[in-house]
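K.L.:
Handing you a structure now.
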Amino acid sequence: MSKSDTLAAAPKPKQEAVSLSGAEMVVRALKDQGVTHIFGYPGGAVLPIYDALFADNGITHVLVRHEQGATHAAEGYARSTGKPGVVLVTSGPGATNAVTGLTDALMDSIPLIVLTGQVATHLIGTDAFQEADTIGITRACTKHNWLVKDVNDLSRILHEAFQIATGGRPGPVVVDIPKDVQFKTGTYLTPDDVHHRSYRPKTEPDASAIARAVEMMAAAKRPIFYTGGGLINSGPKASQALRELASLTGFPVTSTLMGLGAFPASSPQWLGMLGMHGTYEANNAMHDCDLMVCLGARFDDRVTGRIDLFSPGSKKIHLDIDPSQINKIVRVDLGIVADAGKAITEMVKLWKAKEKKADAAGLKDWWAQIERWRAKRSLAYEDSEVLIKPQYAIDRLYALTRGRDLYITTEVGQHQMWAAQRFKFEEPNRWMTSGGLGTMGYGLPAAVGVQMAHPGALVIDIAGEASVQMTMQEMSTAVQYNLPIKIFILNNEYMGMVRQWQQLLHGGRYSHSYSEALPDFVKMAEAFGCLGLRATKPFELDAKIQEMIDSPKPVLFDCRVDATENCFPMIPSGAAHNAMILSKLSEASVSDEGKMLV
Amino acid sequence: MANERHTLTALVDNEAGILARVVGLFSARGYNIESLTVAEVDPAQSTSRITVVTSGPPQVIEQIEAQLRRLVPVHAVTNWTFATGGIEREMALVKTSGADQAAAKTAAAKFGARILDDRGQTTVFELTDSPARISSFLETMRSLGLSDVSRTGVAAISRDTA
């Protein structure tokens, strides 16, 4: 980001000054920022703000059952709409419970504005009831945070919070508001009055960098587009521009977990997801390419595998809105700091203007090689007539939801990877998952947020029986707000990914990964006022899935799957892209160094 | 890759917690801090300058600069080690004790140190110089009754007009 050394003067209100209490300012600022939904939980230190919400019916408040649920719901809301998610929680435990969601949003670049109550300014530092050093605790898990000590700073800080959460690389922010500041009266500034004095992220690409990128693409014989969540954050135009660039060049496209949907999975140029559980063709193409064009991704360790063997023969272009990502993990030949949509649009324009042609002969050979990799059918699995294979369950869920206005969220683990591998997304903003932090318990509250934003849509949380128990209480939220979310649990009675790694790395000693004393999910659903369904045999699956889809209620679906199925293909820790395991694990396939890795 | 020593300065908003943000960034990402100084430089604009001396391979130094620039209250980051016109200075207060202070005073005079306090059996010297020369001064004084040291850490500025 480029920042000016010369600082603007403090903002002065353009319009006639409005006097409001701090609590009223919060509600007014949210409305002026276009906020229609907030996710929250009241408590002593935010009571004045809740009082202001009571007096004003312009904002829908969603009462969650745990503050972590509020943050994930806000993430789901944000990811599925492109708007920031807003959370309101109290001091102390309210704030500390929000920390997991803040960290999750920081890792996945989700814009969140989290408002926390704080004890009155004169009590700060006295170990007062429900006091926590929220600013200290959340400094490491926010893009920026503020403690508001003067009510006259409050509206400015709130508007800056929106600018920073949504500007540049998006991320979560915290505004910590002491209770006395909520009661005091001060001057309210509108969003138009407030411009952060130094935060000016660079979003326009350098023309010379775009020109060089286009030359490199035209010269490539074995190119690949490696795309990521930055395309989703940039907005639908970025996905549109990518489609055009892919169509102009004929290059293959792969994506990270976070980028799924930016490129249509139905395109013949789509190679599927890359990385640890990516397809054989995507990972081998990454390894053997001569030009890697990374668009809005960050060379995460799940994607790169062993770094010193990562795509050894390629030239690399890296487009990212965050300058610190360029050369962080992998040295690249060309870094482009810009908004992904703007930069790809410029590439498309220049490619057309210069009448560039891709290397047809090179690409023909390259696609022939890719087809040989594809022929391995790396996502194939052995089906069963007796047991529901988790892959089969996902495939049926996919088949039976075609033609629907569909949003998918997930928890974290094997089910997440199977969903990422097998669901085919055609559009951005349809896939909500916890990528960077890997937060079990993300999917259910995220589905609540998504359904709030898209009342008529079909919202399914593809879950595991372990993950879902972490934020299960949000079923109650779904019932309260008539949100017909569908929780589709691939129940294998194990923390499946933990079990898989124990099989692979720890001699099959399944230490504490068995989900003992599981609740009866059907009864639990009924206790919450939801519909509970269970399928144990392949032949009954379709009818039950259909029943789930047709139900106007929130549904908990206990899908009993093969307990010992492993997720393939897989790049073992510490291995390179071209050392994928297609099926059947053995401990010998992991190096000692690899065992040290996560 | 070999470690290099670099002096980075950051012009920042002088706001509560800014030092914690910078220090937290270094500890969270495992970067070294060899010294750190911070003070307000422009009360009208309410900006401070933080000078950090750090060491690491070139790629890590590049990351530290980029990560510092990501912090919202950071306006500008400069690496004076690469800039040709960088000047680094540090101040040390050095105390020597012993029956005979004459040798210490003679040695200190050669380094250009000032005597701030002289009580016969103890002397307090002040030396402002490059960090390397201050280290060399301390090495010399060690055999001459050095009993206490306080160093400020490095402050850095550009020689250029801008």
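K.L.:
So how do A:W418, B:W80 rank on accessible area, 1.4 Å probe, biggest first, that is with the largest at the start?
P.N.:
Descending accessible area places them as B:W80, A:W418.
K.L.:
Residues of segment B:58-82 that become at least 50 Å² less accessible with every protein chain present than in their own chain isolated, using 1.4 Å: which are they?
P.N.:
Relative to the lone chain, where solvent access is computed with a 1.4 Å probe, segment B:58-82 loses at least 50 Å² at B:Q59, B:E62, B:Q63, B:R70, B:V72, B:H75.
K.L.:
Here's another thing I want to ask about it. How about A:K357: which aspartates and glutamates have a C-alpha closer than 20 Å to its C-alpha, ignoring those fewer than 8 places off in the same chain?
P.N.:
The qualifying aspartates and glutamates are A:E215, A:E244, A:D290, A:E346, A:D365.
K.L.:
Straight-line reach only, C-alpha to C-alpha below 15 angstrom: list the aspartates and glutamates that A:K376 could link to, leaving out same-chain residues fewer than 8 apart.
P.N.:
A:E281
K.L.:
Under the 0.36 nm per residue contour assumption, what length would be gained going from the current alpha-carbon distance of A:D192 and A:I307 to full extension?
P.N.:
In short, 36.8 nm is gained.
K.L.:
A further question follows. Starting from the Cα of B:D148, step 7 Å along the direction of its Cβ; do the same at A:T536; then give the gap between the two resulting points in nm.
P.N.:
Going from the B:D148 label point to the A:T536 one covers 7.9 nm.
K.L.:
How big is the accessible area of A:M470 in square angstrom, nearest 10, if you roll a 1.4 angstrom probe over the protein chains?
P.N.:
100 Å²
K.L.:
Report for chain A the percent antiparallel among DSSP-assigned beta bridges with both residues inside it, nearest 5. Let's see the in-between values first.
P.N.:
Numbers: 6 of 71 bridges.
Close to 10 percent.
K.L.:
Note the full-extension length gain between A:A211 and A:V18 as 0.36 nm times their separation in residues minus their Cα-Cα distance, in nm to one decimal.
P.N.:
64.5 nm
K.L.:
Also, I was wondering about something else. Report, in listed order, any pair from A:K328/A:K424; A:K31/A:K83; A:K523/A:K553; A:K315/A:K352; A:K31/A:K342 with a Cα-Cα distance greater than 19 Å.
P.N.:
In this structure, A:K328/A:K424; A:K315/A:K352; A:K31/A:K342 lie more than 19 Å apart at Cα.
K.L.:
Between B:T152, B:T123, B:T106, which gets the highest mean-square fluctuation from a Gaussian network model of chain B, Cα cutoff 10 Å?
P.N.:
Sorting by GNM fluctuation, first place goes to B:T106.
K.L.:
Report the net charge of residues surrounding A:I49, where surrounding means a beta-carbon distance below 12 angstrom and charges are Lys +1, Arg +1, Asp -1, Glu -1.
P.N.:
Details: positive: A:R28, A:K179; negative: A:E24, A:D51, A:D56.
Within the 12 Å Cβ shell, the charges total -1.
K.L.:
Then there is this: Taking 25 Å as R0, compute the FRET efficiency from the Cβ-Cβ separation of A:E385 and A:Q546 and round it to 0.05.
P.N.:
Given R0 = 25 Å and the Cβ-Cβ separation, E is 0.80.
K.L.:
Take A:T187, A:T227 and sort them by solvent-accessible surface of the protein heavy atoms, 1.4 Å probe, largest at the top.
P.N.:
A:T187, A:T227
K.L.:
Normalise the Cα radius of gyration of segment B:4-79 by 2.2 N^0.38 Å (N = residues in it) and let me know the number.
P.N.:
Cα Rg divided by the expected 2.2 N^0.38 Å: 1.02.
K.L.:
So, one more: Which length gain, in nm to one decimal place, applies between A:A120 and A:Y514 when the Cα-Cα distance is subtracted from 0.36 nm times their residue separation?
P.N.:
Answer, rounded to one decimal: 137.2 nm.
K.L.:
Using only Cα atoms, what Kirkwood radius does segment B:86-158 have, in angstroms? Could you put the intermediate results ahead of the total?
P.N.:
Numbers: mean 1/r = 0.0817 Å⁻¹.
Computed over segment B:86-158, the radius equals 12.2 Å.
K.L.:
Using θ = phi - 60° and the Karplus relation 6.51 cos²θ - 1.76 cosθ + 1.60, list the HN-Hα couplings for segment A:559-566 in order, rounded to whole Hz, with x at every Gly or Pro.
P.N.:
9, 7, 10, 3, 6, 10, 5, 9
K.L.:
So how compact is chain B: Cα radius of gyration and Dmax in angstrom?
P.N.:
Computed over the Cα atoms of chain B, radius of gyration and Dmax are 18.3, 55 Å.
K.L.:
Within straight cross-link reach of B:K110, meaning Cα distance under 20 Å, which lysines are found once same-chain residues fewer than 8 apart are removed?
P.N.:
B:K95
K.L.:
Could you pull out every residue, at least 5 positions away or on a different chain, whose amide H is within less than 5 Å of the one on A:E426? Hs are placed 1.01 Å off N in the peptide plane, and Pro or chain starts have none.
P.N.:
A:A265
K.L.:
Using a 1.4 angstrom probe and counting only protein chains, how large is the accessible area of B:D160 in Å², to 10?
P.N.:
B:D160 has an accessible surface of roughly 90 Å² with all protein chains in place.
K.L.:
Additional query: Mind listing the phi-derived Karplus ³J(HN,Hα) values for segment B:97-111, rounded to whole Hz, using 6.51, -1.76 and 1.60 with θ = phi - 60°, and x for any glycine or proline?
P.N.:
9, x, 5, 10, 9, 4, 5, 4, 5, 5, 4, 4, 4, 5, 7
K.L.:
Under a point spin-label approximation (7 Å from Cα along Cα-to-Cβ), what is the A:K237-B:S27 distance to one decimal in nm?
P.N.:
Reported label-point gap for A:K237 and B:S27 is 4.2 nm.
K.L.:
Ordering A:E565, A:E382, A:E547 by accessible area with a probe of 1.4 Å, largest first, what comes out? Walk me through the numbers before you get to the answer.
P.N.:
Working: A:E565 30, A:E382 145, A:E547 85 Å².
Result, largest first: A:E382, A:E547, A:E565.
K.L.:
What net charge is computed for the residues neighbouring A:D359, neighbours being all others with C-beta under 13 Å from the C-beta of A:D359, Lys and Arg scored +1, Asp and Glu -1?
P.N.:
+2
K.L.:
Given Cα positions, please report Rg to Rh for the protein assembly as shown, the hydrodynamic radius being the Kirkwood one. Before the final figure, lay out the partial values.
P.N.:
On the way: Rg = 29.0 Å, Rh = 28.5 Å.
For the protein assembly as shown, the value is 1.02.
The values are calculated or read from the model by the stated rules, or taken from the named source; none is laboratory data. Since the structure is predicted, the reported quantities are computational estimates derived from the model, not experimental observations. Using ideal geometry, Cβ is built from the backbone for each residue, glycine included, and neighbour counts are taken over all protein chains shown. The accessibility values were calculated without ligands, DNA or RNA, using every heavy atom of the protein model including side chains. Shrake-Rupley method; radii C 1.70, N 1.55, O 1.52, S 1.80 Å.
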